[in-house]
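Q: What follows is a structure written as structure tokens; I'll ask about it next.
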Amino acid sequence: MKVMFVINISDLGFEEPLGVLYLSSACKSRGHEVFMVENSLESVLQEVEEKKPDILAYSVLSANFPYLFETHCEVRKHLNIRSVFGGPHATFFPEILEKPEIDYVFRGECENAFPLFLDKLNKNEPVKDVPNLGYKEEGKCFYNPLENLENELDIIRLPDRSLLETHLQFYNADVRSVIASRGCPYKCSYCFNNQYQEMYDKKGKKYRIRSVDNLIEECVELKEKYKTKMIHFFDDIFPPQKEWLKEFAEKYKEKVGLPYLTNTSFNVCTENYVKKLSESGCKCLLIGVETGNEKLREEVLYRKMNNDDMVVKAKMINRLGIKIYTQNLIGLPHGSLEHDIETLELNVKLRADYAGVYLCQPYPKTAIEKIAKEAGILKEEVSFGRSFYHSCNLVLEDQEKVEKLRVMFPVLVCIPFLAPYVRVFLKFPLFPFIVFGKILHGYKIKTCMLRYNMGILSFIRLIRLFFKRSINQISNL
């Protein structure tokens, strides 16, 4: 069988589509051919004509589902080709199968199920026993049970990066994406992790970590074969387990030696944890602050962290030479403009090197959506925005000022002596903050996140990619 994945490449930056790459490895190991194409009608039609795939596969986030589905509907006007939708959106909203243009959906982790599905199609056999699959029969939708999670992640084949050879945005990138673990120990109200854990109840470990040797093998391959200069560990939380981390720090420093950035939580930032990250080459930590108000953080976001502890740990992280890129939510249910200003003030205290800030966008089926409904502030017609930077499906008091604060926030955190005047700046026009904010963001990507020796050609590629993504974001406002 020939399968062609359609993805929103322009939205990804240098972040490789790891889910697709893992599936490609699994499919090729069973003798299937795999291709990947950018999400545009012209590109899809051209590649289908050339490669003649048997099925189009779409790996979708909720934010990009409308755009991928729109492309697919246009494709179906020209071609009678089967389609399968997977990824996070299909996992949590499998009812998209009811749309007549969609033939199949897959939920959850599918390195075993998806190749089996292709085997069945290739032999013209029924797919009723393929786990994780949603299919149609006589106009009705059926959803097969989920198979157990793979507890031993080392068994899963490494991502198939040969799939990226014709997509130079990834293939020539200095920074490559790697994931050391699957799952997340937290149950934040704005995330689907609650539902994911319920879906897989009694079907395996919810949080799993690759062996250090298996992880190092992939990193060495990236360094030697693909000339990678920095690694982005894409985990929700980089593994904090003491013995694993000790082994990782020693072997990564000895055998890989590349700088890296990753995600974590202040909750796991013990001195030993941060020291091991620093010693092994971590240059930047992306850390969730969420909100500066402890009551909102605990009761609305389901995260329990003490502001004073966060400040102490941020000092330690800075002392150990790691940059801090915080992630914040404003416009929360039961929140206010003053609460959002508290979040700004906390980021200043943390001495964040950069502050990413997003408008709260409660997705359907999340706990925070229920909280927003009960508060009576959720808009009746909910649509998924392409970016949670710019859209909000809540009706907020001081909405215009909150949206203005979203733009000003990173600028004021990076120029902290201006932060006390935030209420004055909220009366100003936004344009200077938009322009300066974009320039500042680009500068911080280079000096805070991508801290490696970057050649002139790599720098030019980064600038082009940054402006391309910025234009895409603005065009989708």
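Q: Mind checking which pairs have a first residue in segment 189-205 that is within 10 Å of A367 (Cβ to Cβ) and a second that is among the small types (G, A, S) and not in a loop (DSSP other than H, G, I, E, B), Cβ under 9 Å, 6 or more apart or different chains?
A: Short answer, once both residue conditions are applied: S189/A367; Y190/A367; C191/A367; N194/A367.
Q: Quick check on segment 337-354. Is at least one of its residues within 16 Å of C448 (Cβ to Cβ), hydrophobic (A, V, I, L, M, F, W, C) and part of a loop (DSSP other than H, G, I, E, B)?
A: yes
Q: Tell me whether segment 423-438 contains one or more residues that are touching a residue at least 60 places away in the same chain (Cβ under 8 Å) and open to solvent by 40 Å² or more (accessible area, probe 1.4 Å).
A: yes
Q: So which residues in segment 209-224 are part of a helix (DSSP H, G or I) and out of contact with any Pro (no Cβ under 8 Å at 6 or more places or on another chain), if there are any at all? Let's see the steps before the verdict.
A: Keep residues of segment 209-224 that are part of a helix (DSSP H, G or I), which gives 212-224.
Residues satisfying the conditions are V212, D213, N214, L215, I216, E217, C219, V220, E221, L222, K223, E224.
Q: Taking into account only those residues within segment 405-421 that are touching a helix residue (DSSP H, G or I) at 6+ places or on another chain (Cβ under 8 Å) and without any contact (Cβ under 8 Å) to a residue 40 or more places away in the chain, which is surrounded by the most Cβ atoms within 10 Å (Cβ to Cβ)?
A: Filtering segment 405-421 for residues that are touching a helix residue (DSSP H, G or I) at 6+ places or on another chain (Cβ under 8 Å) and without any contact (Cβ under 8 Å) to a residue 40 or more places away in the chain, the one surrounded by the most Cβ atoms within 10 Å (Cβ to Cβ) comes out as M408.
Q: Kindly check whether there is at least one residue in segment 183-191 that is modelled with pLDDT of 90 or more and within 27 Å of G455 (Cβ to Cβ).
A: No, the conditions are met nowhere in segment 183-191.
Q: Could you please let me know if E243 is in contact with a helix residue (DSSP H, G or I) (Cβ under 7 Å, 6 or more places away or on another chain), farther than 30 Å from I368 by Cβ and open to solvent by 30 Å² or more (accessible area, probe 1.4 Å)? First the steps, then the outcome.
A: On the way: in contact with a helix residue (DSSP H, G or I) (Cβ under 7 Å, 6 or more places away or on another chain): no; farther than 30 Å from I368 by Cβ: yes; open to solvent by 30 Å² or more (accessible area, probe 1.4 Å): yes.
Judged against the criteria, E243 is not a match.
Q: Considering only residues of segment 49-74 that are modelled with pLDDT under 95 and among the β-branched types (V, I, T), which is farthest from P362 (Cα to Cα)?
A: So the residue we want is T71.
Q: Is at least one residue of segment 24-31 under 24 Å from F170 (Cβ atoms), modelled with pLDDT under 95 and either touching a helix residue (DSSP H, G or I) at 6+ places or on another chain (Cβ under 7 Å) or open to solvent by 40 Å² or more (accessible area, probe 1.4 Å) (or both)?
A: no
Q: Still on this structure, please answer the following. Please go through segment 220-273 and give me each residue that is of a type in the set (V, I, T) and on the phi > 0 side of the Ramachandran plot, ordered by number.
A: Filtering segment 220-273 down to residues of a type in the set (V, I, T) leaves 220, 228, 231, 237, 256, 262, 264, 268, 270.
Selection gives nothing.
Residues checked against (1) among the hydrophobic types (A, V, I, L, M, F, W, C); (2) open to solvent by 30 Å² or more (accessible area, probe 1.4 Å); (3) without any contact (Cβ under 8 Å) to a residue 24 or more places away in the chain; (4) assigned to a loop (DSSP other than H, G, I, E, B):
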| site | (1), (2), (3), (4) |
| --- | --- |
| I237 | yes, no, no, yes |
| K251 | no, yes, no, no |
| L258 | yes, no, no, yes |
| T262 | no, no, no, no |
| V289 | yes, no, no, no |
| G292 | no, no, no, yes |
| L301 | yes, no, no, yes |
| M305 | yes, no, no, yes |
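Q: Can I ask one more? Tell me, please, whether a residue that is among the basic types (K, R) and part of a helix (DSSP H, G or I) can be found in segment 29-37.
A: Applying the first criterion (among the basic types (K, R)) to segment 29-37 yields 30.
Adding the requirement that they be part of a helix (DSSP H, G or I) leaves none.
No, every residue in segment 29-37 fails to be among the basic types (K, R) and part of a helix (DSSP H, G or I).
The values are calculated or read from the model by the stated rules, or taken from the named source; none is laboratory data. On a predicted model such as this, the values are computed, not experimentally measured, just so you know. A quick note on method: Cβ atoms are made from the backbone with ideal geometry, for glycine too, and the neighbour counts reach across all protein chains shown. Protein only, heavy atoms only, side chains kept; ligands, DNA and RNA dropped before computing areas. Shrake-Rupley method; radii C 1.70, N 1.55, O 1.52, S 1.80 Å.
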